[in-house]
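No lab work stands behind these numbers, since they all come straight from the coordinates. Since the structure is predicted, the reported quantities are computational estimates derived from the model, not experimental observations. Using ideal geometry, Cβ is built from the backbone for each residue, glycine included, and neighbour counts are taken over all protein chains shown.
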Amino acid sequence: MRRLLSALCALLFSFPAVGCHRVSERAVPEVICGTPINPQVTRSLLSSVNDLHEFNRVVRTDAITAPCILLAGRDPVLEFRFSWDDSQTDLMYLAAGSGSVSNVTSPRSITAPYKTVIGTDGAISTTPCKTKGGEYFTLTLQLPQIKLTDGTHRKDIEKFMRAYFPATVRTLGCERTNPVPPT
């Protein structure tokens, strides 16, 4: 029986179409929501790496506000909101909002090439980005698995956003747009 199962597994994995839409059980993706990112930077933010897969509604060429979620099984581990607007967003107002769309607990501004706030459970960054969707691009990251009072992930969140946001901006063709000076 064991040999039969081993042979069946080997046969299934020899077909390239099987399992192509899922990341291997212990692998951290090198591309998240269309943005290349070093898996080591991402790993510290993930509560689980089992059965990682994406739910992605972002179409960069359309520049329409949309979500992208990295899930471990059925549980969201990284939630992104890609947003294009005509006016610059007040990040602290957005972070402190009462809704769940961009709420970030205990936000603090950081000095970075882009306007960025980092919280205990997420971050928000924005930059000028002229597209048919607006004049500014804003990215919200939320980590629903992190307890709101757990401040131990703030440095990991900052490290991730310092790598992920500029990489995302490059995928949008906005790298030629001058970054917003730090406040």
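Side notes on the structure shown:
- Cα pair count fraction exceeding 27 Å, expressed as % - the range 50-183: 14
- Under 5 Å between amide hydrogens, built in the peptide plane, is the criterion, and for R60 it picks out nothing among residues at least 5 positions away or on other chains.
- Net lengthening on full extension, K147/A96 (0.36 nm per residue, minus Cα-Cα): 16.7 nm
- Couplings 3J(HN,Hα) of the range 104-109, computed from phi: 10, 7, 6, x, 9, 6 Hz, in residue order, whole Hz [Karplus 6.51 cos²θ - 1.76 cosθ + 1.60, θ = phi - 60°; x for Gly and Pro].
- Residues of the range 125-163 with amide N under 17 Å of the 7 Å Cα→Cβ point at D75: 142-150, 153
- Remark: the range 164-170, residue by residue, has Karplus-estimated 3J(HN,Hα) of 6, 5, x, 5, 5, 4, 4 Hz, where x stands for each Gly or Pro and the curve is 6.51 cos²θ - 1.76 cosθ + 1.60 at θ = phi - 60°.
- Karplus 3J(HN,Hα) series, Hz, for the range 68-77 with 6.51 cos²θ - 1.76 cosθ + 1.60 (x for Gly, Pro): 9, 10, 9, 10, 10, x, 9, 9, x, 10
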